[in-house]
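Colleague: First the structure, which I've put down as structure tokens, then a few questions once you've had a look.
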Amino acid sequence: MAVFERTRLGNGIRVLTAPMSHAQSVSCFVFLAAGSRYESPETSGIAHFAEHMFFKGTERRPTARAIAGEVDGIGAEFNAFTGKEYTGFYVKCAAEHRDTALDVLVDMIRHSRFGEEEIEREKGVISEEMNMYYDTPRDFIGGVYDSLLYGDQPLGWDVLGTKETIRSATRDTFTSYVDRWYRPERIVVGLGGRIGDGLLEQLEGLFGDLEPRETGAPASVVIPENGALKVHTKQSDQAHMILGARGYPLENPDRYVVQLLATVLGGGMSSRLFTEVRERRGLAYYVFCSNSAYTDAGSLHAQAGVDIERIDDAVTTVRDELRKIAEEPVPAEELEKARSFAKGRFVLSLESPHGTILFGLRREVLEGQAEEPTAVLAGLDAVTAEDIQRVAQDILGKRLHLAVIGPFDEPERFEQLLGA
């Protein structure tokens, strides 16, 4: 029996549901296939800023307090998030309050006031969020790495934007962005849990008059011919680094091979990087490997927070592990452990209605189809040691890219490590 059910409203908005009759709650989402890569240099950060402003008041609920009060009044959780290729809003509540949850969500998204006073006030909030981000190198290192990998284009910009673009935002900046991208072809409504009756009728009433319109698409990523190193000099007690290579986009046929490759390298406390970098050498507090994929680009990379005095050792140790997995087949026992780890973590992520519909929505929004969980598990089961070595050679056999944050002002030392 399929986990996901997919229908459309009259104007083309997709509706994805994951019914779970045993659940007492329902997670209601509105997902948009629009994020920070849909911005221009002048509007960088507006997708995330708009996410904030949707909570500030509508015509029927004129203040942030009115919105929050109604959600609190049904004992619900609500939040939102902005990525580079999608934006999501949700209310998670007892199933009996589904209609209220959806009414609030859609009202926020369709009828926000974008008041000038609220915009000016929120600029201060966004500015402080930026300061927190820049002062948290474990987070900021990802932005430094993306900037190195993609350069001066939306995938290389921070989701938060810049202080200059945030200061210059006006009401027209928000309404123009929303009017262009928040259209039926880019909207997916998702519900997981106890769905209840009359869902499509309610959604037609909430969304049915939203006019379909071709939105176009963001520019395709252009892979820049830039350097392999970026150092952000910052006084700190710990250095943070990402070392990786360009990888595959989301729908690449080897997506599950890459997932298991990342798991062998840095998934869990018995992975190669954790064992070698932390347990044997004591070079880092945290270390992991992940695959970051977009619709037309990707990267496989390792990240670590390391001892400033021994960062050279940390870089070379990670570098050597990346090279080793491309040169030597993964032993059968190690592959099976990684496979079980990946499958187990995936299954755990689907234990709640919230997690299940979130997984489906990400696939639906970015790939046009919510893959069934059984297909994911089958994809992981099909990966062989030969697959992992083949993909490792293809990805990690390319030039490695290194991003570093720490009190370093001589990039040449790291260039030598990459070239060794």
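The values are calculated or read from the model by the stated rules, or taken from the named source; none is laboratory data. Here the structure is a predicted model, which means the values were calculated and not measured. Ideal geometry is used to build each Cβ from the backbone, glycine not excepted, and the neighbour counts take in all protein chains shown. Protein only, heavy atoms only, side chains kept; ligands, DNA and RNA dropped before computing areas. Shrake-Rupley method; radii C 1.70, N 1.55, O 1.52, S 1.80 Å.
Colleague: Please determine whether any residue of segment 171-191 is small (Gly, Ala, Ser), farther than 30 Å from residue 313 by Cα and open to solvent by less than 40 Å² (accessible area, probe 1.4 Å).
Modeller: Yes, the conditions are met somewhere in segment 171-191.
Colleague: Let me ask something additional. For segment 1-19: of the residues being in contact (Cβ under 8 Å) with a residue 40 or more places away in the chain and open to solvent by 30 Å² or more (accessible area, probe 1.4 Å), which is farthest from the chain's Cα centre (by Cα)?
Modeller: Checked segment 1-19; the qualifying residue farthest from the chain's Cα centre (by Cα) is 10.
Colleague: Being open to solvent by less than 30 Å² (accessible area, probe 1.4 Å) and β-branched (Val, Ile, Thr) is the filter here; which residues of segment 280-299 pass it?
Modeller: 287
Colleague: When you look at residue 277, is it closer than 30 Å to residue 376 by Cβ, surrounded by 20 or more Cβ atoms within 10 Å (Cβ to Cβ) and over 20 Å from the mean Cα position of the chain (by Cα), yes or no?
Modeller: For residue 277, the condition - closer than 30 Å to residue 376 by Cβ, surrounded by 20 or more Cβ atoms within 10 Å (Cβ to Cβ) and over 20 Å from the mean Cα position of the chain (by Cα) - is met.
Colleague: So, one more: Kindly list, by first and then second residue, each pair from a residue in segment 299-317 that is among the aliphatic types (A, V, I, L, M) to a residue that is in a helix (DSSP H, G or I) and at pLDDT below 95, limited to pairs with Cβ atoms under 6 Å and residues at least 6 apart or on different chains.
Modeller: What qualifies is 315/417.
Colleague: So is residue 103 more than 15 Å from residue 48 (Cα to Cα) and either touching a residue at least 24 places away in the same chain (Cβ under 8 Å) or touching a Leu at 6+ places or on another chain (Cβ under 8 Å) (or both) or not?
Modeller: Yes, satisfied.
Colleague: Taking the conditions exactly as written (under 20 Å from the mean Cα position of the chain (by Cα) and open to solvent by 10 Å² or more (accessible area, probe 1.4 Å)), does residue 37 satisfy them or not?
Modeller: Yes; evaluated as a whole, the condition is true for this residue.
Colleague: Filter segment 301-330 for residues that are open to solvent by less than 70 Å² (accessible area, probe 1.4 Å) and not in a helix (DSSP H, G or I); which is farthest from residue 406 (Cα to Cα)?
Modeller: So, considering only residues that are open to solvent by less than 70 Å² (accessible area, probe 1.4 Å) and not in a helix (DSSP H, G or I), the one farthest from residue 406 (Cα to Cα) is 330.
Colleague: Kindly indicate which of 214, 204 is within 26 Å of residue 7 (Cβ to Cβ) and either part of a loop (DSSP other than H, G, I, E, B) or without any contact (Cβ under 8 Å) to a residue 24 or more places away in the chain (or both).
Modeller: None of the others qualify; the one that does is 214.
Colleague: For segment 362-420, which fully contained helices (runs of 4 or more DSSP H) count at least 3 residues that are open to solvent by less than 30 Å² (accessible area, probe 1.4 Å) and not aromatic (Phe, Trp, Tyr)?
Modeller: Counting at least 3 such residues, we get 373-381, 385-396.
Colleague: State all residues of segment 249-274 that are closer than 14 Å to residue 379 by Cβ and not in a helix (DSSP H, G or I); if no residue qualifies, say none.
Modeller: Across segment 249-274, the qualifying residues are 250, 251, 252, 253, 254.
Colleague: With respect to residue 272, is the statement that it is of a type outside the set (S, T, N, Q), on the phi < 0 side of the Ramachandran plot, open to solvent by 30 Å² or more (accessible area, probe 1.4 Å) and in contact with a Lys or Arg (Cβ under 7 Å, 6 or more places away or on another chain) true?
Modeller: Taking the combined requirement at face value, the residue does not satisfy it.
Colleague: Confirm whether residue 161 is buried (at least 20 other Cβ atoms within 10 Å of the Cβ), touching a His at 6+ places or on another chain (Cβ under 9 Å) and closer than 30 Å to residue 4 by Cβ.
Modeller: No: the conditions fail for residue 161.
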